[in-house]
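For reference, the structure discussed in these notes is given below.
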Amino acid sequence: MPARIIDGKQIAADLRADLAREAAALRERGLVPGLTVILVGEDPASVIYTRNKQQVAAELGYKSELIRLPATTTQDELLELIARLNADPTVHGILIQSPLPPGLDEEFIFSQVHPDKDVDGFHPVNVGRLWTGQKGLVPCTPAGIMHMLRVTGIDPKGLRAVVVGRSNIVGKPMAALLLNAHATVTLCHSRTRDLPAVCREADILVAAVGRARMITADYVKPGAVVIDVGVNKVPGTKNKIVGDVDFEPVAEVAGHITPVPGGVGPMTIAQLMKNTLIAARRAWGLPEEG
Ligand code: NDP
């Protein structure tokens, strides 16, 4: 029996529609969530990403600003801008697009964004809050995956979850979120012994590696939920991408599966918008959900 496809495009569209409705209701009370995206330099992929983020925020009715700075911007200039945005009550989310041009200390600069406006959820204070079960802002890709599981009716409580990949932006926060949702979590990486056997234990298997079609059917327990975070360009094609999961054969074994494209990818920006609204509601002293 082939797996049920988890349609990330639809789930993300539904989430954006909910956020737009919520933003419209808040606007009637004079409250407008604000997102500022900062792009330093001209990296072509970053130009597209930042424009998308700015446009989606504007479409949802947020106050949305893209600040583009030349690659020659000094660290002091950037820190001055961050300080100004930290103090601006109309800005609830500040996102600095990575990578920064050489010569800028990315780790230090990112740490200067106020944690309550850190809508990427990468600030060490938010990482600490996540692992200690406190309210903070959570990285968008794993938070988006939790939203997908929720709306699909999959409760991780008591399940075995295996996450392959231990990056700070996907693997580790994914493990923390699944743990907070009461899954029993195993976090794997390039040194894990007998990875297929570990993965076969999983009721929920999350692949965040960056290796095309690495997760084959023999990694998957029949009926498992398979979440594919990977985005891998297919050599020799213009824009074709595949995930970390060998989709067709795995879909024959799994119970649920996310496709690439159209799975986890669309959730990331939608969740960024949700994080911005969460940050705004907290700044206004409103309860989390409208
Ligand atoms: P990183 O390169 O930072 O991390 C990759 C992880 O995979 C590392 O922990 C690495 O282990 C592990 N790994 C590498 N090779 C193997 C292997 N053979 N077996 C087991 N583990 C292995 O990647 P990211 O977390 O940033 O991204 C992962 C993928 O997700 C990429 O394809 C990226 O493009 C995609 N992505 C997609 C997003 C979306 O919105 N859809 C958002 C973010 C990322 P070790 O630590 O030991 O080196």
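The values are calculated or read from the model by the stated rules, or taken from the named source; none is laboratory data. Note that this is a predicted model, so its numbers are computed, not measured. Neighbour counts are summed over all protein chains in view; Cβ atoms, including those assigned to glycine, are modelled from backbone coordinates with ideal geometry. Accessible surface areas use protein heavy atoms only, side chains included; no ligands, DNA or RNA. Shrake-Rupley method; radii C 1.70, N 1.55, O 1.52, S 1.80 Å.
What to note about this one:
- Exactly one residue out of 213, 166, 150, 200 is in contact with a helix residue (DSSP H, G or I) (Cβ under 9 Å, 6 or more places away or on another chain) and within 22 Å of residue 130 (Cβ to Cβ), and it is 166.
- Residue pairs whose Cβ atoms lie under 6 Å apart, separated by 6 or more positions or on different chains, with the first residue in the range 253-265 and open to solvent by 10 Å² or more (accessible area, probe 1.4 Å) and within 9 Å of the ligand (Cβ to nearest atom) and the second part of a loop (DSSP other than H, G, I, E, B) and among the β-branched types (Val, Ile, Thr), do not occur.
- Restricting attention to the range 228-250 and to residues that are open to solvent by less than 10 Å² (accessible area, probe 1.4 Å) and more than 10 Å from the ligand (Cβ to nearest atom), the residue that is nearest to residue 211 (Cα to Cα) turns out to be 245.
- Lone qualifier among 130, 60, 78 - being more than 27 Å from residue 12 (Cα to Cα) and open to solvent by less than 50 Å² (accessible area, probe 1.4 Å): 78
- Just one of the listed residues (238, 233) is without any contact (Cβ under 8 Å) to a residue 24 or more places away in the chain and under 23 Å from the mean Cα position of the chain (by Cα), and it is 233.
- Residue that is surrounded by fewer than 23 Cβ atoms within 10 Å (Cβ to Cβ), within 16 Å of the ligand (Cβ to nearest atom) and over 21 Å from residue 35 (Cα atoms), where the choices are 172, 157: 172
- Considered as a group, the residues in the range 176-214 that are within 11 Å of the ligand (Cβ to nearest atom) and in a helix (DSSP H, G or I) include one that is least open to solvent (accessible area, probe 1.4 Å), and that residue is 199.
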